[in-house]
């Protein structure tokens, strides 16, 4: 019996400076790792995506909530407590479709 591949998705806002994108994505990923990833999962795939802005990030959060996918949103105190990135719990199968239209992070703003 094969073990399904699980993916943790991290989405970061593209409308913030590139250096901040990297830091915010890592913050969200660490939060998810601490709170959403069980020790029993030995291997995960990480997918780093982008969203255009805060509105799109909140829209993704709403879609995840509606689908029952747990997330952790990172809120940056140095940016007026704005949400800057989110990370999902490990997902597989059909739940990955929530993220399929998000562009992969490519280091461009």
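The values are calculated or read from the model by the stated rules, or taken from the named source; none is laboratory data. For clarity, every value in this text was computed on a predicted model and none was experimentally measured. Methodologically, a virtual Cβ is constructed for each residue, glycine included, from the backbone with ideal geometry; neighbour enumeration extends over all protein chains shown.
Numbers for the structure displayed
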{"quantity": "Scan of segment 1-47 for residues that are in a helix (DSSP H, G or I) and under 14 Å from residue 72 (Cα atoms), ordered by number", "calculated": "24, 25, 26, 27, 28, 29, 30, 31, 32, 33, 34, 35"}
{"quantity": "Residue in segment 48-65 that is part of a loop (DSSP other than H, G, I, E, B) and either out of contact with any helix residue (DSSP H, G or I) (no Cβ under 8 Å at 6 or more places or on another chain) or free of Cβ contacts under 8 Å to residues at least 12 places away in the same chain (or both) present", "calculated": "yes"}
{"quantity": "Members of segment 74-95 that are surrounded by fewer than 18 Cβ atoms within 10 Å (Cβ to Cβ) and either modelled with pLDDT of 95 or more or more than 16 Å from residue 44 (Cα to Cα) (or both)", "calculated": "75, 76, 77, 78, 79, 80, 81, 82, 83, 94"}
{"quantity": "Qualifying residue in segment 55-65 (condition: in contact with a strand residue (DSSP E or B) (Cβ under 8 Å, 6 or more places away or on another chain), closer than 13 Å to residue 6 by Cα and surrounded by fewer than 16 Cβ atoms within 10 Å (Cβ to Cβ))", "calculated": "no"}
